[in-house]
Amino acid sequence: MDQKPAPKAPDAGEAIAKAPPCTLVIFGAGGDLTKRLLMPALYNLAMGGLLDEAVRIIGVDHNANTDEGWRKSLSDTMQSFTTDRTSEFHPDHIDSKAWGFVRERLTFRQGDFTAPETFSGLGKDLSGNVIFYLAVSARFFGPIVDALGEAGLLKEAEGAFRRVVIEKPFGSDLASARALNARILGQGSESQFFRIDHFLGKETVQSILAIRFANGLLGPVWHRDHIDHVEITAAETIGVEERGGFYEPTGALRDMVPNHLFQLLCMVAMESPATLEAEAVRDAKARLIEAVRPVPPSDAVRGQYTAGREQGHAVAGYREEPNVAEDSRTETYVALKLDIDNDRWRGVPFYLRTGKRMAGRLTEIALHVKPPAGSPFAGPHSEVAPDILRFRIDPEQGLDIAMNAKRPGPRMELGRVTAAFDYGDFFRETPSVGYETLLYDCMIGDATLFQRADGIEAAWAAVDPVLEAWADAPVEPYAAGSDGPAAAEALLARQGHHWSPLDER
């Protein structure tokens, strides 16, 4: 089969080396993750000239298909993104050369994820560098890794690697996460397993480290002496959609907190790593998560959306969604207050919230700075509004600093101003769904942005008391299109704080 050479990389990427040749085996070839995110990411890597000409992509799925059938299905899906502005990947057109490069390297295999013959058959077609990507339901993670190990497919020959990418959720509580870690590490070494969190593939999340540790201006403020409290928000306007079957036994806490929100917490709160090497960064993250005190149930709020209005349209409540129980107590919203027991952050509350069907779509981190002590602008009946530093992650990418300045006029009066920058104003943005960097890093063996066993277990340990308390607890309703349940506002009000509104951005 004639294969097209990789497209030439743009000027901005000339210094980036191509990934080494490898075979990418995707379990779950017919699934939503493969269609919506992995194929667009591979296409974008091809557009950047970062894939080796010898790369191969083998899709494995239990449903019947053919090489050409899989290629056509994925090609049709890629084209559909050009007219779907609601998708994470929505280019104006599909570059025929870049997609042709990926398309011609696609081959399909039908196979049961638990059948030994699936893996013995794969073994006959694999040599050299191989990445096994588990784009499957979490219940298959352990069995697939076991089968790979038993078939000898994780043995690394001289000069060649064998790696496994595992999606979330990695476990459903501390006990299951420990068991899964023990199970997979019985088949290979920690260096072979890449536990992925696509939040860390977002450029603005990675840039937090650069802003924190490559600038002298902000560093001295990053301390309990100056920071009053921190908000971390991941709010969505969409509902559970067609994912009720997955969401019912999972809920917002398991789905979002020990992975996505804790990774944002690490980026904004961890100590400076000694170097930017993978293990130094992951050591710093693990130390931060281990310093998070177990969350008492009194510092946690759970909610579930009811019918309401979203962007002017009537929407159903969670219990009316497909594959959701009529009396469901699954939370679609969670808010937590975290305490970090280390010298930098002791006494500073970190508030985390995430939810569906909320008033606005927003992922951000907001650091609230303490007002200046002894300010001449503070009087007996007035206070100086605190400065707020916001990392905007989604849907807009940038950084805002809200502060005080003098209003024009003859009197000395304060007014609020915002100093802001958008990444697009300074850097040429490249198309991304968040998986490009992570796939490339896995190919080159850079585990910096992937989670390690100790970090995952520490995150589950922090929220385990809440999960146990919520096993039989009711959920507080909140109307779709709102900022969430009233108890979430009360959680912050205990210390004189309040959430930033979601619908004023």
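Remark: region 202-250 is approximated by an ellipsoid whose semi-axes, taken from the C-alpha gyration tensor as √(5λ), come to 36, 15, 9 Å, largest first. Past 20 Å, Cα to Cα, is the threshold; run Lys285/Lys356; Lys72/Lys124; Lys168/Lys202 against it and keep the listed order. Listed pairs above 20 Å: Lys285/Lys356; Lys72/Lys124. Our analysis of region 34-126 gives Rg over Rh at 1.01, with the two radii drawn from alpha carbon positions and Rh computed by the Kirkwood formula. Across the chain, Cα-Cα distances exceeding 33 Å account for 43% of all pairs. Protein heavy-atom surface of region 179-290, 1.4 angstrom probe: 55% of the accessible area is carbon and sulfur, with nucleic acids and ligands not counted. Every pair of different Cα atoms in region 386-481 enters the Kirkwood calculation, which places the hydrodynamic radius at 19.1 Å. Listed by chain and number, the aspartates and glutamates whose C-alpha is less than 15 Å from the C-alpha of Lys370, apart from same-chain residues fewer than 8 away, are Asp225, Asp228, Glu231, Glu383, Asp387. The long axis of helix 453-469 is offset from the longest Cα principal axis of the chain by roughly 60 degrees. Since only Thr107, Ser75, Ile57 are under comparison, the one whose Cα sits farthest along the positive direction of the charge dipole of region 1-153, derived from C-beta charges on Lys, Arg, Asp and Glu, is Ser75. Sorting the segments 137-150, 312-325, 224-237 by their mean number of nearby beta carbons within 10 angstrom, highest to lowest, gives 224-237, 137-150, 312-325. Axis angle, to the nearest 10 degrees, between helix 67-80 and the longest C-alpha principal axis of the chain: 30 degrees. Sorted on the mean count of surrounding Cβ atoms within 10 Å across their residues, most packed first, peptides 99-110, 76-87, 249-260 read 249-260, 99-110, 76-87. Dipole size of the chain about its Cα centre, with +1 on Lys/Arg Cβ and -1 on Asp/Glu Cβ: approximately 560 debye, rounded to the nearest 20. The share of alpha-carbon pairs in region 72-205 lying farther apart than 26 Å comes to 39%.
Inverting the mean 1/r over all pairs of different Cα atoms, compute the Kirkwood radius of region 1-156 and quote it in Å.
One decimal place: 16.4 Å for the Kirkwood radius.
Averaging Cα coordinates gives a centre for region 243-260 and one for region 331-361; these two points are 16 Å apart.
Compared with the dominant principal axis of the Cα atoms in the chain, helix 278-290 is inclined by about 50°.
Per residue, the chain exposes 44 Å² of accessible surface when a 1.4 Å probe is rolled over the protein heavy atoms with every protein chain present.
The values are calculated or read from the model by the stated rules, or taken from the named source; none is laboratory data. Computed from a predicted structure; not experimentally measured. Note: ideal-geometry Cβ built from the backbone for every residue, glycine included; neighbour counts use all protein chains shown. With ligands, DNA and RNA removed, areas are computed over all heavy atoms of the protein, side chains included. Shrake-Rupley method; radii C 1.70, N 1.55, O 1.52, S 1.80 Å.
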